[in-house]
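The values are calculated or read from the model by the stated rules, or taken from the named source; none is laboratory data. The structure displayed is predicted, hence computed values, not measured ones. Cβ placement follows ideal geometry from the backbone for every residue including glycine, while neighbour counts extend to all protein chains displayed.
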Amino acid sequence: MRRRPRIEGAAAVDIQPDVPHSARVWNYWLGGTDNFPADRAVGDQFAALYPDITAVARSSRGFLTRAVTFLAAERGIRQFLDIGTGLPTAAGTHQVAQAAAPDARVVYVDNDPLVLAQARALLTGTAEGATEYLDADLHDPGAIVELAGRRTLDLAEPVGLILMNILGHVPDLGEAATIVRRLLAALPSGSYLVTADGTNVLDGPAFSKAIAVWNANAPLAYRLRSPAELGTFLDGLEVVEPGLVPCAGWRPDPAASAADRRPVDEYGAVARKP
């Protein structure tokens, strides 16, 4: 029997199409259709300051696709916990994981009412697996793991923990690293962390300027970090080759175009909990 996503605390949502929304702007950069003119206007303004933002979005999504496929097809991971996932888009974690392993179980976590409403309408998975969306906050790792384990995940078995472009929303590096450690502490040996965030390496001044404008107008600020800072999230883990690298360079598809293989300011890594 196909399992439909269940929403913790979901309610009717005022979409407000005339007010730009960060998840819809990201959807626009990914080439999605779940956005409005106000979102596209803001997305275009950001891109005018930092044209590579669309490449960053595509590079991030490509990395996620390859990382999840790697874990499901090569490392035998059958459970995924994706926190701060944003609006459902093509090639989401559940679609990628269940394409490689139809019995994969995926739990998405977000606390944005718009995201939850979209998930309720759009998310479905395979008959063999499970796909669920939880309303929970990144700053409460214990509640996230408890809810996911109560409903869908078997916390005695390895889990693929996915933190994509979410830790940049935690201003303090120490706090962000503590969140990662608490989440991983609740997962068994053999679990994996998949993480990526924006950096300031290749075109730091332009990206930083665009982020500053974004932060002055967005309810949820974002912080670019150096690769060394991002590397603190991997402390104590066994980092999978090729390590923490620009997302486009993480096990790239040999058939990918030169444009898709071009490094941009988004670094990612996959690491195993011993």
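Please find, among A218, A185, A196, A177, the residue that is out of contact with any Ser or Thr (no Cβ under 8 Å at 6 or more places or on another chain) and of a type in the set (A, V, I, L, M, F, W, C). Can you show your working first?
Values: A218 fails: out of contact with any Ser or Thr (no Cβ under 8 Å at 6 or more places or on another chain); A196 fails: out of contact with any Ser or Thr (no Cβ under 8 Å at 6 or more places or on another chain); A177 fails: out of contact with any Ser or Thr (no Cβ under 8 Å at 6 or more places or on another chain).
When all the criteria are applied, what remains is A185.
Restricting attention to region 149-160, which residues are at pLDDT 95 or above, surrounded by fewer than 22 Cβ atoms within 10 Å (Cβ to Cβ) and not small (G, A, S)?
D154, L155, E157, P158
Conditions (1) in contact with an Asp or Glu (Cβ under 6 Å, 6 or more places away or on another chain); (2) not hydrophobic (A, V, I, L, M, F, W, C); (3) not in a strand (DSSP E or B), marked per residue:
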site: V180; (1), (2), (3): no, no, yes
site: S189; (1), (2), (3): no, yes, yes
site: L202; (1), (2), (3): yes, no, yes
site: K209; (1), (2), (3): no, yes, yes
site: V213; (1), (2), (3): no, no, yes
site: P219; (1), (2), (3): no, yes, yes
site: P252; (1), (2), (3): no, yes, yes
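Can you tell me which residue in region 168-183 is surrounded by the fewest Cβ atoms within 10 Å (Cβ to Cβ), limited to those that are farther than 15 Å from G231 by Cβ and of a type in the set (A, V, I, L, M)?
V170
Answer yes or no as to whether L163 is surrounded by 21 or more Cβ atoms within 10 Å (Cβ to Cβ), in contact (Cβ under 8 Å) with a residue 12 or more places away in the chain and farther than 26 Å from T54 by Cα. Break it down stepwise before answering.
Details: surrounded by 21 or more Cβ atoms within 10 Å (Cβ to Cβ): yes; in contact (Cβ under 8 Å) with a residue 12 or more places away in the chain: yes; farther than 26 Å from T54 by Cα: no.
No, not satisfied.
Which residue, of A48, A91, A73, is in contact (Cβ under 8 Å) with a residue 24 or more places away in the chain, more than 13 Å from the chain's Cα centre (by Cα) and surrounded by fewer than 19 Cβ atoms within 10 Å (Cβ to Cβ)?
Just one listed residue meets the conditions, A73.
Among the numbered conditions (1) out of contact with any Pro (no Cβ under 8 Å at 6 or more places or on another chain); (2) surrounded by fewer than 18 Cβ atoms within 10 Å (Cβ to Cβ), tell me where G249 comes up short.
The single condition G249 does not satisfy is (1).
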